[in-house]
1. I'd like the FRET efficiency for Lys112 and Ala45, computed as 1/(1 + (r/R0)^6) with the beta carbon distance as r and R0 of 56 Å, rounded to 0.05.
2. Within the set of other residues whose C-beta is less than 15 Å from the C-beta of Ala199, count the net charge using Lys and Arg as +1 and Asp and Glu as -1.
3. Just name one of Asn132, Asn96, Phe62: the one whose Cα is farthest towards the positive end of the charge dipole of region 7-147 (beta-carbon charges, Lys/Arg +1, Asp/Glu -1).
4. Given a cut-off of under 8 Å on Cα pairs at least six residues apart, what relative contact order in percent is computed for the chain?
5. Contour minus end-to-end for Lys140 and Thr15, with contour as 0.36 nm per residue of separation and end-to-end as the Cα-Cα distance?
6. Just in region 335-440: which chymotrypsin sites (Phe, Trp or Tyr not before Pro) are loop by DSSP and have at most 11 other Cβ atoms within 10 Å?
7. Considering the zone a paramagnetic label at Ile197 would reach in this model (a point 7 Å from Cα along the Cα-to-Cβ line), which residues of region 380-402 have amide N under 17 Å from it?
8. Taking the Cα centre of the chain as the origin, how large is its charge dipole in debye, to the nearest 20, when only Lys and Arg (+1) and Asp and Glu (-1) carry charge on their Cβ atoms?
Amino acid sequence: MPAIKTKKRKVSKKTKKAWRKYTDTKDIEKFLENSQLEERLGSFAIHKDSELFSISIAPEIFSKQKRRELLKLKEPRCFNILKPHTAVPDPITKRNRVRTKDERKNALVLKKEAIRKSQNILTLKEKLRLKNKMIAAKKKLNKPKRDEFNINIWKEKNTKDINIDWMSSDTIRHTLTHFGIKKKRIPSSLHKKPSNIPAVEAPHPGTSYNPSFEDHQKLLLEVAQKEMELIKEEEHLNRVTTKMFKKVSLKEKEDNLIKEMSEGLKLEDNQDFNEDENNDPIVKSINPPVKNKKKTRVQRRKQKEQKNLVHKKQQEKVEKKKISDIYKLRVLDRQLAAKEKKEKVLHEKRLKKKILKTVGTKTLSKVKFEPLELDFKLGSELTGNLRNSEPTGNLLKDRFKSLQQRNIIAPTNIKLKRDKAKIKRFIKSDHKIDVTKVKK
């Protein structure tokens, strides 16, 4: 059946909606499909059948050497990125190209520049470029090769020509940078260790599997002394807390409270505590009212004279002390010498304390550092050989405590349960049930 041709209607294509509605895009879609197919497979119209197909009679088997030669002749895969990624030919055959800066220059200008360069007449920019190029080349030669560590980067450079005695550290760094000698700044964390305590301490000789009798007895004595100290402390706490208070009945407690609260009050035995105090007709004031009596002129004058006299006496006393101090020079000299001696002793004590602090453990958190308890074995438990001895202590715990002792990590408490937020629970006002109104 032949296709019925209909007359095209004339419609407005002013808006995008109308353009999309009344435009036939079948031919465009067909063209895009063909072009995409050509892009994937390539155009078959250009090539001959002999190029596309080949008749294979027998399988070609090459030797290993031949295969290697063919692989060498084969084009590397890295060049694929330089090739066009599509088989579709470029629709725009002629394209505009932006000329370079040298191409845009006039021929006369280029000729002048060539003459100038031949006569070694360079501009300031060209001179700087040459200088930087030479510096970069020199730097590249001096740069150590990979995996070569022949130079000590922290080593001081030769600064004999520069007088750095009067300079501060920042001024020295700035001056050396200006001369092309960079001074490396050592990180502050590398200046000193967090602690002078050795990483691995030698264990007590009494903890050996076959210790000497003296070493083993010393260890047991040390453990016993520590245990005695703990018992003593526990007994002291029990004495000053639990044993300090007596058990009192509820009635005795109330009587004691009334007695303590009524201490200092003059009350008769038959007098009631709730007796009204306002019944007393005679009311006496504790502090009587003060009258505002003004001072007379005579009193003011005498007060002023007395004040001047006190001031004069004080001045005379100061002057007298100055004169007496001249005759006390030997005594003052002895006092100063004693003071200096005392300060020197205190300074030495502070230095010793500072040295001890470096050896000891610092307070890094609210939890106090507690060392591990000494591992020990009784005389009956000692075997004398390593094969029959049972393992004691925990290596992981020992290393963890060592890190805490050397101020590398802060001491903490073991927390097995995680804290949960307290949830406030309540019943909504419309969910509440009034029990009185509920029918039985």
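Read the figures in this text as sums done on the coordinates, not as results from a lab. Please read all numbers here as calculations on a predicted model, not as lab measurements. Backbone-built Cβ (ideal geometry, glycine too); neighbour counts: all protein chains shown.
1. Values: r = 55 Å, r/R0 = 0.99.
For Lys112 and Ala45, the calculated efficiency is 0.50.
2. Values: positive: Lys193, Arg399, Lys401, Arg406; negative: Glu201, Asp398.
Charge balance in the 15 Å sphere: +2.
3. Sorting the options by dipole projection puts first Asn132.
4. Working: 110 pairs, mean separation 75.7, N = 440.
For the chain, the relative contact order is 17 percent.
5. Details: separation 125, 0.36 × 125 = 45.00 nm, distance 6.54 nm.
Value of the extension gain: 38.5 nm.
6. On the way: sites: Phe369, Phe376, Phe400, Phe426; in loops: Phe369, Phe376, Phe426.
Here the chymotrypsin sites (Phe, Trp or Tyr not before Pro) that fit, given the DSSP loop and packing criteria, are Phe426.
7. Those under the cut-off are 394-402.
8. On the way: 117 positive and 60 negative charges, 1045 e Å.
Around 5020 debye, computed over the chain.
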